[in-house]
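Report on the structure given below.
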Amino acid sequence: QVQLVESGGGLVQPGGSLRLSCAASRSIFSFTSMGWYRQAPGKQRELVATIFSGGSTPYVDSVKGRFTISRDNAENTVYLQMNSLKPEDTAVYYCRAILNSRLYWGQGTQVTVSS
């Protein structure tokens with residue numbers, strides 16, 4: 001069993017930055033991948049960014065050049081650095097991990113971009 005706890009969400013003005021954290025309850029070294037999803041009101045959950053065990057980091061087109069996903073194996077934590085935030089980035093952001101073909105989800109953290 002894996003528990004994932006997100007943090008770092010909040011209210012930020014357009015153009016601002018936030019860094020989300022996803023702390024895992026065990027070592028993430030052997031995870032197949034970890035990723036960030038988001039779900040805006042009335043919309044489907046969408047994949048924002050993934051970091052694979054081999055190091056590749058694909059992003060959805062709408063965040064390329066603005067968001068960066070990274071991992072700290074020593075801290076068992078994955079981060080999502082979000083820069084140049086836009087109102088359309090407003091959503092609940094969820095962390096997801098894949099380990100031994102099983103999916104695990106965090107509880108989500110709210111990000112609101114508004115002036």
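The values are calculated or read from the model by the stated rules, or taken from the named source; none is laboratory data. Keep in mind it's a predicted model, so treat the numbers as computed, not measured. For neighbour counting, all protein chains shown are included, and Cβ atoms are generated from backbone atoms with ideal geometry for every residue, glycine included. Calculation scope for accessible area: heavy atoms of the full protein, side chains included, ligands and nucleic acids excluded. Shrake-Rupley method; radii C 1.70, N 1.55, O 1.52, S 1.80 Å.
The residue that is most open to solvent (accessible area, probe 1.4 Å), among those in segment 9-57 that are under 21 Å from SER114 (Cβ atoms) and among the polar types (S, T, N, Q), is GLN13.
How about segment 27-68: which of its residues are of a type in the set (D, E, K, R) and either touching a residue at least 60 places away in the same chain (Cβ under 8 Å) or over 14 Å from TRP105 (Cα atoms) (or both)? Break it down into steps so the answer makes sense when it comes.
At the first step, the residues of segment 27-68 found to be of a type in the set (D, E, K, R) are 38, 43, 45-46, 61, 64, 66.
Answer for segment 27-68, where residues must be of a type in the set (D, E, K, R) and either touching a residue at least 60 places away in the same chain (Cβ under 8 Å) or over 14 Å from TRP105 (Cα atoms) (or both): ARG38, LYS43, ASP61, LYS64, ARG66.
Taking only segment 76-93 into account, find how many residues are over 9 Å from the mean Cα position of the chain (by Cα) and over 18 Å from GLY65 (Cβ atoms). So the count comes out to 5. If I ask for residues that are open to solvent by 50 Å² or more (accessible area, probe 1.4 Å), over 12 Å from the mean Cα position of the chain (by Cα) and more than 9 Å from ILE28 (Cα to Cα), which ones from segment 58-73 would you list? PRO58, ASP61, SER62, LYS64, GLY65, listed by residue number. Among residues belonging to segment 74-84 that are surrounded by fewer than 22 Cβ atoms within 10 Å (Cβ to Cβ) and not aromatic (Phe, Trp, Tyr), point out the one that is nearest to SER17 (Cα to Cα). Out of the qualifying residues, it is ASN83.
A search for C-beta distances below 6 Å between a residue of segment 98-115 that is more than 26 Å from GLY15 (Cα to Cα) and any residue that is among the charged types (D, E, K, R) and at pLDDT 95 or above, counting only pairs 6+ apart in sequence or on different chains, returns TRP105/ARG96; GLY106/GLU6.
Candidates in segment 36-70 are the residues that are part of a loop (DSSP other than H, G, I, E, B) and of a type in the set (Gly, Ala, Ser); of these, the one that is nearest to LEU18 (Cα to Cα) is GLY65. Looking for something part of a loop (DSSP other than H, G, I, E, B), among the basic types (Lys, Arg) and on the phi < 0 side of the Ramachandran plot - is there at least one such residue anywhere in segment 71-81? No, every residue in segment 71-81 fails to be part of a loop (DSSP other than H, G, I, E, B), among the basic types (Lys, Arg) and on the phi < 0 side of the Ramachandran plot.
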